[in-house]
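Read through the structure below, which is laid out as structure tokens, and then see the notes.
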Amino acid sequence: MSYDPSYQRTPQAAYAAPRTIDAGLQAYMQSVYNTMGLGLVVTGLTAFGVASIPALFNLIFGTPLAWIFMLAPLGFIWFGFTPARIARMPSGKLRNIFILFSAVMGVSMAVIFQVFTGASIARVFFITAATFAATSLYGYTTKRDLTAVGSFLFMGLMGIFIAMIVNLFMHSAMVQFVVSALGVIIFTGLTAWETQRLRDLYAAGATEANAKTAIVGALSLYLNFINLFQMLLHFMGNRR
């Protein structure tokens, strides 16, 4: 996971020679969004496929396998995407791991098709996509330094993560409501911050470095999108 509160923005990287790096920067950002989009497609198709096959769904969520698939995405983030591993892997292999991670995430999210109606899932997805696009565009175009905002939101992210773990045992509707409300704000803000961070990390001529940065950046934006979608689903989704 590339949320890094210690990151310091370097304006010269973004504005020193805009005429010479714009084309490369645009291709780089397009690679970020394409990779992220591919991950979302894999996740969506996997989740829908698992939910549509009762025998497979029951095999996973009716047995202890459910815990394995629910915790597997965290395992990928904490152990599969460490800086040391990323540095050793070629960009092609890193991309394949991201796609595998997206599929595992899809399995863990299959349960939403059993809880919410398909129409409300589709509606919330498009609302999430519009919110994400607007926020990411702001992060890409703004000249305001969002470093301090990112650091503050990162601390908030840690807070809601702890609250979600605690609420697994409390089952409090009020805690869930507060977590969802704060989550929408936090993941919206992190989308803008991460987009600006990715823009400023672009290095003209560094092909392999840019490819790896684009994939890791796609992972961060993907996680922001998924979490924002889940938070909004708690507010707007119609339960079966």
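We did not get these values from a lab; they are worked out from the coordinates using the rules stated. Bear in mind that the values here come from a model prediction, so they are computed numbers and not experimental data. Cβ: placed from backbone, ideal geometry, glycine included. Neighbour counts: every protein chain shown.
Let's see how each residue does on (1) farther than 20 Å from P90 by Cα; (2) out of contact with any Leu (no Cβ under 9 Å at 6 or more places or on another chain); (3) among the charged types (D, E, K, R):
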{"residue": "H171", "(1), (2), (3)": "yes, yes, no"}
{"residue": "V178", "(1), (2), (3)": "yes, yes, no"}
{"residue": "W193", "(1), (2), (3)": "yes, no, no"}
{"residue": "L201", "(1), (2), (3)": "no, yes, no"}
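Are any residues in the range 138-155 more than 16 Å from the chain's Cα centre (by Cα) and of a type outside the set (D, E, K, R), and if so, which ones?
Y138, Y140, T141, T142, L146, T147, A148, V149, S151, F152, M155, listed by residue number.
Filtering the range 103-162 down to residues that are hydroxyl-bearing (S, T, Y) and more than 17 Å from T191 (Cβ to Cβ), which residue is surrounded by the fewest Cβ atoms within 10 Å (Cβ to Cβ)?
Among them, the one singled out is T117.
Among (1) under 13 Å from F229 (Cβ atoms); (2) crowded, with 19+ Cβ neighbours inside 10 Å, which single condition is F81 missing?
It fails just one condition, (1).
Inside the range 198-209, can you point out the residues that are surrounded by fewer than 23 Cβ atoms within 10 Å (Cβ to Cβ) and assigned to a helix (DSSP H, G or I)?
Across the range 198-209, the qualifying residues are R199, D200, L201, T207, E208, A209.
Might you let me know whether the range 139-147 holds any residue that is out of contact with any Phe, Trp or Tyr (no Cβ under 7 Å at 6 or more places or on another chain) and among the aliphatic types (A, V, I, L, M)?
Checking the range 139-147: not a single residue is out of contact with any Phe, Trp or Tyr (no Cβ under 7 Å at 6 or more places or on another chain) and among the aliphatic types (A, V, I, L, M).
Give the residue that is surrounded by the fewest Cβ atoms within 10 Å (Cβ to Cβ), with candidates limited to residues of the range 90-102 that are over 21 Å from L45 (Cβ atoms) and without any contact (Cβ under 8 Å) to a residue 24 or more places away in the chain.
Among those residues, the one meeting the criterion is G92.
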